[in-house]
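The values are calculated or read from the model by the stated rules, or taken from the named source; none is laboratory data. Note that the coordinates shown come from a computational prediction; the quantities given were computed from them, not determined experimentally. Methodologically, a virtual Cβ is constructed for each residue, glycine included, from the backbone with ideal geometry; neighbour enumeration extends over all protein chains shown.
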Amino acid sequence: MRTMEDMVRVTSWVLLLVLFMCGCSAMSGGQAIASHEGGKDLVLTQAPADGTYELYDTYLDRRPKLVVSLMKGSRIGFRSTETGVVAVGGKREMPLNEGYYIWKKRK
């Protein structure tokens, strides 16, 4: 017989899985370029090709938070500033709240 603590743990994992799947289905398609989860290492890289790149908050939005057109070699990713983490897409920067973010290249 399961304890209340076990039931809460299982329910929490199921809820997290459902939220993750909903977020991922909203962003299906496109090539993942860089991602950031609060408290983890920041990745600042280069766009692999000319194209349109979209920044998503995987937990909250089905629509991109930022869309940029970049040329191959442009900066894309995440960096730290005095006030927190920002998303970088070429010359554009956007301050971020805690969360899990991903840059994707539009198909």
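Observations on the model:
- G73 being at pLDDT below 90 and either in a loop (DSSP other than H, G, I, E, B) or of a type outside the set (A, V, I, L, M, F, W, C) (or both): no
Quick grid of which residues meet (1) hydroxyl-bearing (S, T, Y); (2) modelled with pLDDT of 90 or more; (3) in a loop (DSSP other than H, G, I, E, B):
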{"residue": "W13", "(1), (2), (3)": "no, no, no"}
{"residue": "L17", "(1), (2), (3)": "no, no, no"}
{"residue": "S25", "(1), (2), (3)": "yes, no, no"}
{"residue": "G29", "(1), (2), (3)": "no, no, yes"}
{"residue": "Y53", "(1), (2), (3)": "yes, yes, no"}
{"residue": "K104", "(1), (2), (3)": "no, yes, no"}
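- When restricted to residues that are touching a Gly at 6+ places or on another chain (Cβ under 7 Å) and β-branched (V, I, T), the range 84-106 contains 1.
- Looking across E93, E37, one residue alone is at pLDDT 95 or above, among the charged types (D, E, K, R) and either under 13 Å from the mean Cα position of the chain (by Cα) or surrounded by 11 or more Cβ atoms within 10 Å (Cβ to Cβ) (or both). It is E93.
- Candidate set: the range 40-54, residues that are of a type in the set (A, V, I, L, M) and farther than 11 Å from R75 by Cα; chosen: the one surrounded by the most Cβ atoms within 10 Å (Cβ to Cβ): L42
- Residue ID - surrounded by the fewest Cβ atoms within 10 Å (Cβ to Cβ), chosen from residues in the range 55-69 that are among the hydrophobic types (A, V, I, L, M, F, W, C) and touching a strand residue (DSSP E or B) at 6+ places or on another chain (Cβ under 9 Å): V67
- Within the range 70-83, being more than 19 Å from G39 (Cβ to Cβ) and surrounded by 14 or more Cβ atoms within 10 Å (Cβ to Cβ) holds for L70, S74, R75, I76.
- Cross-chain or 6+ apart pairs with Cβ under 7 Å, the range 77-102 first and hydroxyl-bearing (S, T, Y), then loosely packed, with under 11 Cβ neighbours inside 10 Å and in a strand (DSSP E or B): T83/P95
- Members of the range 57-70 found to be in a strand (DSSP E or B) and at pLDDT below 95, listed by number: D57
- Selection count, the range 34-48, where residues are polar (S, T, N, Q) and at positive phi: 0
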